[in-house]
């Protein structure tokens, strides 16, 4: 009798789209309130850092460098914790992302202060490590490059998945802008809640898998 493999949510492609949605929501909100410091789009921060250094403007350069270091710290810590969390990597890191976003929300202002952006940058670094085999959920350029390659070789199924990933970001950015236009003071808190709910769903899925595996092992022992 063939054993049915348990369904693991965080191993699926749609789960990646759910992570991309979290990043897209956050990115859209930051663009509206922190145009100089971008916690999600670190490539832009790096380019701005180069410009600030060329102009000798340390007042602009230091906060940009701080965001880059914060993002690097977050993704490094996420990778370290993820390796030790094993199968609980996804829910653990999502809870931490939600916690950091909740902390950042406490400092919400019409123009996001640098400290708030630093905390969000750490959260986004962590978000990239939620799915260890798919680290690039907070930037979309790489997705478009992979989409182009898939189209060039005629891999339509792969291209479709990558196209949906881009679409998930676009719709999340649209939702983030809409959310900010109506509930600006609560936008980051709502994104934190989204990440927390996602963590809860994944954790519940893991518990169901563990229970089924334990039952299967008990049945095997009973028949042996």
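No lab work stands behind these numbers, since they all come straight from the coordinates. What you see is a predicted model, and the numbers here were worked out from it, not measured in a lab. Here the Cβ positions follow ideal geometry from the backbone for every residue, glycine too, while neighbour counts run over all protein chains shown.
Relative contact order of the stretch 36-152: 31 percent, from C-alpha pairs under 8 Å at least 6 residues apart in sequence.
Between residue 197 and residue 145, what length comes free when the chain is fully extended (0.36 nm per residue of separation minus the Cα-Cα distance, one decimal in nm)? Let's see the in-between values first.
Values: separation 52, 0.36 × 52 = 18.72 nm, distance 3.10 nm.
Gain on extension, residue 197 to residue 145, equals 15.6 nm.
Calculated over the stretch 13-199, the projected area of the Cα convex hull averaged across directions stands at 10.9 nm². Rounded to 0.05, the FRET efficiency of the residue 47 and residue 171 pair, given R0 = 22 Å and the Cβ-Cβ distance, is 0.25.
For the chain, set up a Gaussian network in which alpha carbons nearer than 10 Å are linked by springs, and say which option among 57, 36, 27 fluctuates the most. Fluctuation is largest for 57. Which residue fluctuates most in the GNM of the chain (Cα springs below 10 Å): 20, 201, 119? Maximum among the listed residues: 201.
Just want the ordering: 157, 83, from fewest to most Cβ atoms lying within 10 Å of their own Cβ. Write down the numbers at each step before the final one.
Values: 157 8, 83 11.
Fewest-to-most ranking of 157, 83: 157, 83.
How much mean residue ellipticity at 222 nm does the chain get from its helices, if each DSSP H run of length 4 or more adds -39500 (n - 2.57) and you divide by all residues, to the nearest 500 deg cm²/dmol? Intermediate values should be presented prior to the final figure.
On the way: 8 runs with 170 residues, N = 224.
Helices in the chain give a 222 nm mean residue ellipticity of -26500 deg cm²/dmol.
Within the listed set 161, 56, 44, the residue fluctuating most in the Gaussian network model of the chain (springs between alpha-carbon atoms under 10 angstrom) is 56. A simple spin-label model places the labels of residue 153 and residue 85 3.1 nm from each other, with each point 7 Å out along Cα-to-Cβ.
Can you put 155, 34, 90 in order of Cβ neighbours within 10 angstrom, beginning with the fewest? Don't skip to the end; give the middle numbers.
On the way: 155 15, 34 18, 90 26.
Ranking 155, 34, 90 by Cβ neighbours within 10 Å, fewest first, gives 155, 34, 90.
Counting 0.36 nm for each residue step from residue 109 to residue 73 and taking away their Cα separation leaves a gain of 10.5 nm. Counting other Cβ atoms within 10 Å as a rough exposure proxy, the listed residues 191, 209, 21 run 209, 21, 191 from fewest neighbours to most. Once all Cα-Cα distances of the stretch 100-167 are split into 5 Å bins that start at 0, what whole-number percent is in each one? The distribution over the stretch 100-167 is 3, 16, 18, 15, 13, 12, 10, 7, 5, 1, given as percents.
In percent, what relative contact order does the chain have, based on Cα pairs under 8 Å that are 6 or more apart in sequence? Mind dumping the intermediate values first?
Working: 300 pairs, mean separation 69.9, N = 224.
Once normalised by length, the contact order is 31 percent.
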